[in-house]
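Chemist: Just passing along the structure, written as structure tokens.
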Amino acid sequence: MKVEKIMVVGAGQMGSGIAQVCAQAGYDVILNDLNLQLTEQGKNTIRINLLRQVNKNLMKTEEMEAILSLISLSTNLEDARDVDFVIEAAVENMNIKTQIFRELDRITPEHTILASNTSSLPITEIAAATNRPEKVIGMHFMNPVPVMKLVEIIRGLATADEVYETIETITKTLEKVPVEVNDFPGFVSNRVLMPMINEAVFALYEGVASREAIDEVMKLGMNYPMGPLTLADFIGLDTCLYIMETLHEGLGEDKYRPCPLLRKYVKAGWLGRKAGRGFYEYK
Ligand code: CAA
């Protein structure tokens with residue numbers, strides 16, 4: 001399957017990162033979100049990221065401009081009428097995702113592959129909202145997208161082999177490493193990562209150590225680039241809680257029970273770095 005034109009739905013942290021790496025690989029990209037302000041913010045984030053490369057002499061200004069010129073902005077899903085591939089990176093809400101996929105199924109040509117960047121929602125259920133479940137697949141990028149090498153590729157129950165192979169090839173053209181996983185709650189990345197973060201929150205909640213000490217143990221002791229509480233703030237505490245709830249509900253075991261302190265912080269609006277406060281304070 002030939003892919004030349006891509007739409008990314010959602011211009012937030014993940015969507016803008018995905019649009020950036022797609023444009024850097026030479027694809028024509030439409031960056032779509034609900035309004036112009038959101039799409040412009042997304043493109044501005046991309047510009048700032050590329051400018052960092054220019055300032056480090058890793059990229060020429062003309063290269064940056066060429067990459068940016070491949071990204072057009074859209075606030076209407078109908079603009080997907082001639083794309084070969086859509087990557088959805090909207091909010092983690094099943095109703096919203098199924099609504100977007102239903103629309104995309106109606107709008108896009110028959111050959112178009114529809115991927116979701118969901119971090120834990122079932123691909124099979126998203127696919128069932130369309131009349132082309134064999135062309136629906138999970139493509140889970142890690143944050144920050146331009147830096148992290150992994151793309152977890154999730155096969156839904158009906159995903160065709162040919163579609164999997166196309167996505168695997170595209171992932172490589174983005175200079176990422178594809179890893180194949182099946183459709184289970186949290187896939188592999190969040191099934192392993194989130195309980196570790198949740199356990200770190202329990203350690204804080206139970207007074208085992210201070211936030212700094214917990215992070216320092218994991219950074220220096222395990223060589224993690226960020227301690228688990230810093231990482232939780234980076235991901236967003238609402239996202240962490242949502243994924244823990246998905247694991248708890250989907251796998252039904254007490255070991256996935258979200259820590260009450262995590263719930264409390266989310267209720268307080270202490271959502272991490274994006275809110276200026278989470279386990280740490282950010283200026
Ligand atoms: N966007 C783009 N580039 C960024 C970036 C961002 N938000 N943040 C950092 N970078 C780039 C920097 O420009 C720098 O690039 P060069 O090497 O070209 O100079 C490089 O990343 C390293 O950055 P820094 O030197 O500033 O900082 P660092 O060495 O501490 O690295 C980090 C920053 C890459 C974020 C690192 O701390 C890290 O790997 N943290 C863990 C990230 C992680 O675990 N991500 C997965 C989260 S889970 C997830 O995404 C899945 C989910 O579903 C929740």
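Chemist: Using only the alpha-carbon atoms, how far is helix 237-251 inclined from the longest principal axis of the chain? Give it as 0 to 90 degrees, nearest 10.
Modeler: So the helix axis and the longest Cα principal axis differ by about 90 degrees.
Chemist: On each of the three principal axes of the Cα atoms of the stretch 46-204, give max minus min coordinate, whole Å, ordered largest first.
Modeler: Projected onto the principal axes, the Cα atoms of the stretch 46-204 cover 50, 45, 28 Å.
Chemist: May I ask for the percentage of alpha-carbon pairs in the stretch 97-159 that lie more than 16 Å from each other?
Modeler: 42
Chemist: Something else: Among ILE137, SER189, MET59, pick out the residue whose Cα is farthest towards the positive end of the charge dipole of the chain, where Lys and Arg carry +1 and Asp and Glu carry -1 on C-beta, about the Cα centre.
Modeler: Ranked along the dipole, the leading option is MET59.
Chemist: What fraction of the Cα pairs in the chain, stated in percent, has a spacing above 30 angstrom?
Modeler: 32
Chemist: What's the center-to-center distance, using Cα atoms, between the stretch 228-280 and the stretch 100-154 in Å?
Modeler: 24
Values quoted throughout were computed directly from the atomic coordinates according to the rules given, and no laboratory measurement underlies them. Predicted model, so just to flag it, every value in this text is computed and none were measured. Heads up, the Cβs are rebuilt from the backbone with ideal geometry, glycines too, and the neighbour counts pull from every protein chain shown.
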